[in-house]
Amino acid sequence: MACNENVVKNMANEISRNCLSENVIVDPEFVIYLIDLLLLNPKYGKLFTKTICRSNLEFFVKECVTMLTGSETSINTLKLQYTMLTNYEKLPTLVERHQESIEQCLRPLLSEILDDDPELEDEQAYKKLFRKISIYIILSSGLGNPGSIVTLKEGMAALESVFSLDDLKVFVTLPRSEKIPQLNELMQITSGVRLFNRDCKKGGEGIPDLPFNIIDAGKACMASLSHSLIAAMQRVNSLTTAIADTITIKEDEGIVGVDVPPNSGLTEKDYNQIFELLAFNRQYEVYIRKLLADVETMEQNGAQDVERIKMVLEETHTAVKYKAAVPVATVFPLFKKLWRVWRSMQDVMFLLSTVNRLMTVLANIKEQMKVPYALIEKMLEGKSVVTDQERMCEPVSVRERLSLGSLTFLCRDSFSEISERNVKFLGFCALCLSVGALVPSNMKVGLIKSQGSRYGFCSVKMAARFNKEPQRYINEVMNFARNNPHVINLLNISEEMSRLRHIENLVVKVVPKKQIYDKDVQTEVHPIDSYIEKNYTPNLWEWKRRACQLATIVKCQTHSTQTNYSHLRSETHTQTVHPRDKSLQTKRDAGVNTNPHDVFIWGLRGQIGYGQHSMKLWGIHAEKKKAQLFTECEWPCVSPDNKNTKDVECLDTLM
């Protein structure tokens, strides 16, 4: 693909600038996430398969800007997904990333400690290095702020109790590869000493009371998540009830559509708006449930860590009780163990703080949503809200249950085997998803297995239709997700979409059949008003006579005759005045008559002479000229009788 990472970044920056001109602020990283989803659609993916054309790039940027500035609900759903994907992963991964970030921040200080090589006689340099090691241990352990003098003195005292200046001189001589493990071991032992002193009421400045805080934080986080989940489920149940009854399927063609109630004032666009709103709330519900399950795990781990730290402290107190000196081999492992349990509690607190931060971000996105309450109430008129639990356990009649036995692809596995693997599309009805409706499937209807995956359905009618053409309806769901990218990660079908990204047409549109009815039609006896044809005759010979007469007329010719008045026909000249862009103010209206300019053709009527010529006709008021004697004619007019005549009298005839 010609659309590599740099090209995607450039497109994201251009889209962000165009959105900013529309007074919409978007994060370029979020735009990259949207672009990656859109490129799964061949409509956009084929634009950048080989080379990048400027026209294709402008078209794609325009489509993205339109989506970001227009479809608010689906964009908010994508923002939920982007927030969770970039800020939340599996719990061990989050802890590892947190530790890596701490190590990266302390890397400059660690490099100074490892590279420092003071002179053997320079006591001040060794004390300065000892101070740096103490600061590093306090920061890496998270037990207080080294900027506080009390905390720094306590940390240096704890380090000095297990690591003297003579040991420091030996530490400096070690190679770099051996210094890092020794520093980690020193950090664990010193932190364990500080925790033990805190329990003995002999220090612990800046160290939080984690055993107490972790219990309260877990309970508060659980309560907040439970409250958010209850509110989300109330919205989901209302929206699902509003649209569940309108999803219908035609028996003949198998086309799934939305049956808008007549005379309700609702349109299919209104239902599509509710579909998008339901998808947002379902995505919000999925994330809240995920966070709730993780917080339950954190709370259990936190409670276990609290019990473990009590046991380790008791064990440590028993080891040092009434003893002036304790062997290092006995007490140092206890300090390390104490620190490891404390570190586990720190990780739990970090995870709880991460969940609280994410809850705040998700709640802000949810508050930006515009909910059409009037439209929802209109759709819910005369309906009682049904919960997901009631919908998934709705009883099936005996007749419908018997019809299920004839299904070819019905899943015959036991319930325990089914529970081990999740149902495809998060358990939503596979046929309702083809139009974007997230309706939960009824488990009592059963599951249909196709190509290794199990699919659920909201009714027996839907299951029976899916059983006839399973691949068709799976492709319809994929096609809907392709054109609505906010559904891809909601249904966890990103891998399937990636495999189908090169197939341009997934669904063949089925043309609905025209319905034909057998009906009897009664025609009128006389549909046309009475009319009497005057030339009508029942006589066949009369028709033949008329035909012969018409045939004779066709063979006749028309002749033209020259009359004495034919010469009166003449050309007509018209004088016109072109309009001007000026206005004139005159006192009176007047007209001008012009003399006609006529031409007479001599010899047209067989006059004696040689050839024909044109002559100018004078006006009515022109004076008549007398005959003039010419020595020569203007044209050859010599008569055959008198060829030697030079002086010929020619008269200019005036007409």
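The values are calculated or read from the model by the stated rules, or taken from the named source; none is laboratory data. Just so we're clear, the structure is a prediction, and the values are computed from it rather than from any experiment. Positions of Cβ are generated from backbone atoms using ideal geometry, with glycine treated the same way; all protein chains shown enter the neighbour counts. What goes into the accessible areas is simple: the full protein's heavy atoms, side chains included, and nothing from ligands, DNA or RNA. Shrake-Rupley method; radii C 1.70, N 1.55, O 1.52, S 1.80 Å.
For region 251-397, rounded, prolate or oblate, judged on the Cα gyration tensor with a ≥ b ≥ c (square roots of eigenvalues), a/c < 1.5 rounded, else prolate if a/b > b/c?
Values: a/c = 4.89, a/b = 3.43, b/c = 1.43.
Because a/c hits 1.5 or more and a/b exceeds b/c, region 251-397 counts as prolate.
From the phi of every residue in region 54-60, what ³J(HN,Hα) in whole Hz does the Karplus formula 6.51 cos²θ - 1.76 cosθ + 1.60 yield, where θ is phi - 60° and glycine or proline is x?
5, 5, 5, 5, 5, 4, 5
Restricting to DSSP loop positions (anything but H, G, I, E, B) with no more than 14 other Cβ atoms inside 10 Å of their own Cβ, which trypsin sites (Lys or Arg not before Pro) remain in region 433-472?
On the way: sites: K444, K449, R454, K461, R465, K468, R472; in loops: K444.
Listed in order of number, the matching sites are K444.
Can you give me the accessible area per residue for region 74-220, using a 1.4 Å probe, in Å²?
Ligands and nucleic acids excluded, the figure is 52 Å² per residue.
How much FRET efficiency would the formula 1/(1 + (r/R0)^6) give for E89 and K132, where r is the Cβ-Cβ distance and R0 is 51 Å, rounded to 0.05? Mind dumping the intermediate values first?
Working: r = 34 Å, r/R0 = 0.66.
It comes out at approximately 0.90.
With every protein chain in place, what's the accessible area of C556 (1.4 Å probe, Å², nearest 10)?
Answer for C556: close to 90 Å² accessible.
Run the 1.4 Å probe and let me know the accessible area of Y473, rounded to the nearest 10 Å².
Result for Y473: roughly 0 Å² accessible.
Distance between the C-alpha centers of region 1-40 and region 451-519? Whole Å please.
Their Cα centres are 29 Å away from one another.
Averaging the inverse of every distinct alpha carbon separation and then flipping it gives the Kirkwood radius. What is it for region 1-83, in angstrom units? It would help to have the intermediate numbers written out before the result.
Numbers: mean 1/r = 0.0778 Å⁻¹.
Final number for the Kirkwood radius of region 1-83 is 12.9 Å.
For region 239-283, rounded, prolate or oblate, judged on the Cα gyration tensor with a ≥ b ≥ c (square roots of eigenvalues), a/c < 1.5 rounded, else prolate if a/b > b/c?
Values: a/c = 2.33, a/b = 1.38, b/c = 1.69.
Oblate.
Which shape class applies to region 94-160: rounded if a/c is under 1.5, otherwise prolate when a/b exceeds b/c and oblate if not, where a ≥ b ≥ c are the square roots of the Cα gyration tensor eigenvalues? Don't jump to the answer; show the numbers that get you there.
Working: a/c = 3.17, a/b = 1.44, b/c = 2.21.
Oblate, because a/c is 1.5 or more while a/b does not exceed b/c.
Tell me, what is the per residue accessible area of region 412-542 in Å², probe radius 1.4 Å? Numbers along the way, then the final one.
Working: 8630 Å² over 131 residues.
Result: 66 Å² of accessible area for each residue.
Whole-Hz Karplus ³J(HN,Hα) for region 197-206, in order, using 6.51 cos²θ - 1.76 cosθ + 1.60 and θ = phi - 60°, x for Gly and Pro?
5, 5, 5, 8, 6, 10, x, x, 5, x
List the aspartates and glutamates whose alpha-carbon lies under 20 Å from that of K62, not counting same-chain residues fewer than 8 positions away?
Here the aspartates and glutamates satisfying the reach criterion relative to K62 are E5, E14, E22, D27, E29, D36, E72.
Can you order the peptides 248-257, 179-188, 339-348 by their average number of other Cβ atoms within 10 Å per residue, highest first? Don't skip to the end; give the middle numbers.
Working: 248-257: 14.0, 179-188: 16.0, 339-348: 20.9.
The packing order, highest mean first, is 339-348, 179-188, 248-257.
Based on the Cα coordinates of region 289-353, what is the per residue volume of their convex hull in Å³?
Values: hull volume 4.4 nm³, N = 65.
Value for region 289-353: 67 Å³ per residue.
So what does the Cα-only Debye profile of region 514-556 read at q = 0.20 Å⁻¹, as log10 I(q)/I(0), no solvent term?
-0.82
Taking K534 as the anchor, which lysines have their alpha carbon closer than 23 Å to its alpha carbon, excluding any fewer than eight residues away along the same chain?
Hits, sequence-local ones excluded: K544.
Using a 1.4 angstrom probe with every protein chain in place, what is the largest-first accessible-area order of T49, T297?
Values: T49 80, T297 60 Å².
Accessible-area ranking of T49, T297, largest first: T49, T297.
Distance check, please: which entries in K90/K337; K250/K449; K46/K449 exceed 29 angstrom between their Cα atoms?
Values: K90/K337 25 Å; K250/K449 23 Å; K46/K449 33 Å.
Flagged as over cut-off: K46/K449.
Arranged from highest to lowest average of other beta-carbon atoms within 10 Å per residue, in what order do the peptides 517-523, 355-361 appear? Mind dumping the intermediate values first?
Working: 517-523: 4.3, 355-361: 15.7.
Averaged packing, sorted descending, gives the order 355-361, 517-523.
Carbon-plus-sulfur fraction of the accessible area of region 177-313, 1.4 Å probe, in percent?
Details: 3160 of 6280 Å².
Here it works out to 50 percent.
Using modelled amide H (1.01 Å from N, peptide plane; none on Pro or chain starts), what sits under 5 Å from the amide H of L447, excluding residues fewer than 5 places away?
Placed amide hydrogens put C411 under 5 Å from L447.
Where does each of F480, F457, F59 land when they are ordered by accessible area, with a 1.4 Å probe and the largest first? Display every interim value, and only then the final one.
Working: F480 45, F457 0, F59 85 Å².
Result, largest first: F59, F480, F457.
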